[in-house]
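A quick write-up on the structure given underneath.
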Amino acid sequence: MKVLQMVSTAYRATIEEQDDTILWLTQAMKSAGGDFDVLLTGNAVNYAIVGQDASGLAFGDWRQTQPPRIADDLARMMDKGIDVLAVADDLIDRGLADCTMVKGVRRVQRGDLAKLMDGYDRIWRW
């Protein structure tokens with residue numbers, strides 16, 4: 001069964017876990033033999049942008065000592081054979097169209113999503 005993970009909520013639990021829970025889960029399921037790809041939509045397209053650094057994040061006396069490195073997570077996912085795509089229109093809407101993206105992340109137009117989804121047995125939206 002080929003599954004497309006549509007991730008639209010960005011930075012879910014990244015302070016507590018230092019990973020996006022769905023990206024972590026996708027890697028774990030791929031390692032267990034699953035067939036998964038990831039489509040970044042909405043605010044999650046920000047994950048594809050290189051150079052983000054949350055190491056200075058602090059709340060009162062608490063300091064983030066192990067910040068999320070989502071771009072590195074995406075690169076590892078692609079090394080495992082997980083295709084990572086980002087909706088180009090969402091990148092444009094957020095002013096990110098000209099930013100450097102993680103190598104290997106492919107852009108897909110919103111108008112092509114139905115055709116893309118047709119190639120999967122299941123679509124899981126997060």
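The values are calculated or read from the model by the stated rules, or taken from the named source; none is laboratory data. The model shown is predicted, which means the values in this text are computed figures rather than measured ones. Glycine gets a Cβ as well: all are built from the backbone with ideal geometry, and neighbour counts include every protein chain shown. Remember, those area values only see protein heavy atoms, side chains included, never the ligands or the DNA or RNA. Shrake-Rupley method; radii C 1.70, N 1.55, O 1.52, S 1.80 Å.
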Would it be correct to say that Arg110 is without any contact (Cβ under 8 Å) to a residue 24 or more places away in the chain and surrounded by fewer than 17 Cβ atoms within 10 Å (Cβ to Cβ)?
yes
With respect to Ala58, determine if the residue is closer than 18 Å to Arg125 by Cα, out of contact with any Lys or Arg (no Cβ under 8 Å at 6 or more places or on another chain) and hydrophobic (A, V, I, L, M, F, W, C).
no
Identify the residue in the range 31-59 that is modelled with pLDDT of 90 or more and loosely packed, with under 11 Cβ neighbours inside 10 Å and, among all such residues, is nearest to Asp20 (Cα to Cα).
Ser31
State whether the residues of the range 89-106 include one that is open to solvent by 10 Å² or more (accessible area, probe 1.4 Å), among the polar types (S, T, N, Q) and either under 18 Å from Ile123 (Cβ atoms) or outside any loop (DSSP other than H, G, I, E, B) (or both).
no
Filter result (in a loop (DSSP other than H, G, I, E, B) and either among the charged types (D, E, K, R) or touching a Ser or Thr at 6+ places or on another chain (Cβ under 7 Å) (or both)) within the range 52-80
Asp53, Asp61, Gln64, Pro67, Pro68, Arg69, Lys80
